[in-house]
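J.: Have a look at the structure that comes next, please.
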Amino acid sequence: MRVLFVCLGNICRSPAAEGVFRHMAPDVISDSAGTGHWHVGEPPYGAMQQAAAVRGYDLSDLRARQFTSADFTRFDLIIAMDATNRRDIEALRPVDATTPVQLFTDYAPNQGMTHVPDPYYTRDFDGVLDLIEVASEGLKSSL
Ligand code: 4NP
């Protein structure tokens, strides 16, 4: 099983999701990417890394990359952090690609959230980690 987490910058939400999920499900191949190109090659945002490290998730080896249409064949499941991410991912879908693209919040139905809020703007790094942990448990149980 290969799962790809996707957000906009690939420096906050999706690398946090990758780090949490690979910790919970080490047998699953996990990766992350951003629909945007601005932060390609950068490590996760400092405050995101620190909040994750407090909970035991080491994000320091991750580097941002941009989502490409080839990811539809490299992964079995693509997880978007919000509806804009999902739309931008779907715009790159090859005609013959059947890989599903799901919203991460669909795996945390009891949280009452329709998207993973971007802590780059909200500054709520702990709140987003709470949501990511619940959604990761839900995703793991669904596989
Ligand atoms: P992310 O957050 O999508 O969760 O990685 C963002 C970080 C940076 C920017 C956008 C989103 N930015 O435009 O610089």
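Here, each number is a calculation from the coordinates, and none is a lab measurement. All figures in this text were calculated on a predicted structure; none of them were measured in a lab. Reconstructed Cβ throughout: ideal geometry from the backbone, glycine too, with neighbour counts over all protein chains shown.
J.: Hey, among the residues in the range 10-19 that are in contact with a strand residue (DSSP E or B) (Cβ under 8 Å, 6 or more places away or on another chain) and not aliphatic (A, V, I, L, M), which one's nearest to the ligand (Cβ to nearest atom)?
T.: For the range 10-19, the residue satisfying everything is 13.
J.: Hey, another quick one. Please specify each residue of the range 20-41 satisfying the condition of being of a type in the set (Val, Ile, Thr), crowded, with 16+ Cβ neighbours inside 10 Å and more than 14 Å from the ligand (Cβ to nearest atom).
T.: The answer is 28, and nothing else.
J.: Please enumerate the residues belonging to the range 126-139 that are farther than 13 Å from residue 5 by Cβ and either touching a residue at least 60 places away in the same chain (Cβ under 8 Å) or hydroxyl-bearing (Ser, Thr, Tyr) (or both).
T.: Listed by number, the residues that qualify are 126, 129, 133, 137.
J.: Across the range 42-56, what is the number of residues that are within 13 Å of the ligand (Cβ to nearest atom), in contact (Cβ under 8 Å) with a residue 24 or more places away in the chain and not hydroxyl-bearing (Ser, Thr, Tyr)?
T.: Residues meeting the conditions: 7.
J.: Looking at the range 19-36, I want the residues that are of a type in the set (Gly, Ala, Ser) and have a partner that is away from the ligand (no atom under 16 Å from the Cβ) and not in a loop (DSSP other than H, G, I, E, B) with Cβ atoms under 6 Å, at least 6 apart or on another chain. Which pairs are those?
T.: Matching pairs, first to second residue: 25/140; 30/3; 30/22.
J.: Follow-up. Find the residue count for the range 89-101, including only residues that are within 22 Å of residue 11 (Cβ to Cβ) and either out of contact with any Ser or Thr (no Cβ under 7 Å at 6 or more places or on another chain) or surrounded by fewer than 17 Cβ atoms within 10 Å (Cβ to Cβ) (or both).
T.: 3
J.: On to the next question. Which number in (1) surrounded by 21 or more Cβ atoms within 10 Å (Cβ to Cβ); (2) touching a residue at least 24 places away in the same chain (Cβ under 8 Å); (3) within 13 Å of the ligand (Cβ to nearest atom) marks the one condition that residue 65 misses?
T.: (1)
J.: Which pairs have Cβ atoms under 6 Å, sit 6 or more apart or on different chains, and link a residue in the range 108-125 that is closer than 19 Å to residue 10 by Cβ and among the hydrophobic types (A, V, I, L, M, F, W, C) to one that is within 12 Å of the ligand (Cβ to nearest atom) and assigned to a helix (DSSP H, G or I)?
T.: Between residues of the range 108-125 that are closer than 19 Å to residue 10 by Cβ and among the hydrophobic types (A, V, I, L, M, F, W, C) and residues that are within 12 Å of the ligand (Cβ to nearest atom) and assigned to a helix (DSSP H, G or I), the close pairs are 116/13; 116/104; 125/47; 125/48; 125/119.
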